[in-house]
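As structure tokens, the structure follows; a few thoughts come after it.
The values are calculated or read from the model by the stated rules, or taken from the named source; none is laboratory data. All figures in this text were calculated on a predicted structure; none of them were measured in a lab. With ideal geometry, Cβ positions are generated from the backbone for all residues, glycine too; neighbour counts draw on all protein chains shown.
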Amino acid sequence: MAVSIGISHIALQRRARLQARFAAEPAQAGDRAALDISDIRHFPIREPVSGNRYSLLRVTTRSGLTGWGECAFDSSADINAVESAWVGRPAHAYATVMPSTPFRAALDIAFLDILGKAANAPIFRILGGPTRNKVRAYGSPYSQAFPVAIIEVPTPASRNQGKAYENRVLELVDAVPADRDFVLAAKGLLTPGDAASVAKALESKHPLWFDEPCAHSNIEAVRKVSGETVVPLGFGDGIDDPGIFQALLREGLVDLVRPDIGIFGITGARYVAALAETYYVAVAPRHSGGPVGTAAAIQLAASIPNFFIQHVPHPAAEEDRAMRREIVSPAFENGKDGFLELTNSPGLGITVHEAALEKFRAA
């Protein structure tokens, strides 16, 4: 009986504290309303040489705070529908952005950018980080900024290429300096048989991982590759449903999950990372967009414990690289000694220049 009375007394004290806290909230209602969204603007961007396109969103609150987000370009996405759904709602509702929402990733990133600025803290701090002091990164095949090489397999002329094809891949691998790590990227082009034989031939070369060795849509095909090699396998290209990652993880068929930040945003990618963490699997987010996406990827990396490495899409043409530097400052995508630096600036830690966005607006 004494125990029961003690618990009841503690519960009453806790309830009194909560009531006192909530009773004071109406005085803060104006502060919360300041984060309500008042305007959303879409900037479709096109790189001048590569033609690569992505979408930027500028989200403005009633208090004047502005957040920026990026997502994959979708010509069918309707910005008017997004405005109708979100103007008047608070930026701290970022976790309620549904997967089917147009500009999903850009909204998520922009809302978190606003919250970081409101708290005068980088996004990774409001998400519980940092989990690291710097972010390991790698670039595109022609990038020299990071000491990790990407080797793209030759497009197969037909199915079941055999030994001659393996030798062609090995020649590419042998051209990589011995002191550099490398990733073999197949873009899902190989049959399970070819992918398994190539992976087996590369085991002694110790690639960081074999990226998209075959189509992930066929679990049995992935199982064949996974069962015949110890080379780590990475998947994520085109995946927009966390359930697909969960199926690969449950079957023990993936060693590296690669959620696309242009599809999932920061929140969605963190969800995939949480799934992977329960299977002791690392995360190497995909990224094929612009510098706002890179800034978001840095915040993501610093907020999850099982991060491995981040892709930075360095275009081949200097005109495209110059465009990226022009639309965002400071210039941070080259990193230093193979790492991207964290920032202590609020939100994403970048300034977006709207004049440059108009200059490079996609037709």
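Summary table
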quantity: Selection count where residues are touching a residue at least 60 places away in the same chain (Cβ under 8 Å), closer than 16 Å to Gly129 by Cβ and surrounded by 24 or more Cβ atoms within 10 Å (Cβ to Cβ), scope the range 262-296; calculated: 2
quantity: Odd one out for Gly289 among (1) at pLDDT 95 or above; (2) farther than 23 Å from Asp211 by Cα; calculated: (2)
quantity: In the range 160-213, the residues that are within 25 Å of the chain's Cα centre (by Cα) and not in a loop (DSSP other than H, G, I, E, B); calculated: Asp181, Phe182, Val183, Leu184, Ala185, Trp209, Phe210, Asp211
quantity: Pick from the range 101-116, criterion closer than 16 Å to Thr66 by Cα and charged (D, E, K, R), ranking: surrounded by the fewest Cβ atoms within 10 Å (Cβ to Cβ); calculated: Asp108
quantity: Filtered residue count, the range 135-159, keeping only those that are of a type in the set (D, E, K, R) and in a strand (DSSP E or B); calculated: 2
quantity: Enumerated helices (runs of 4 or more DSSP H) restricted to the range 44-132, each holding at least 2 residues that are under 21 Å from the mean Cα position of the chain (by Cα); calculated: 104-119, 123-126
quantity: Hey, Ile126 hydrophobic (A, V, I, L, M, F, W, C) and within 22 Å of Ile309 (Cα to Cα) or not; calculated: yes
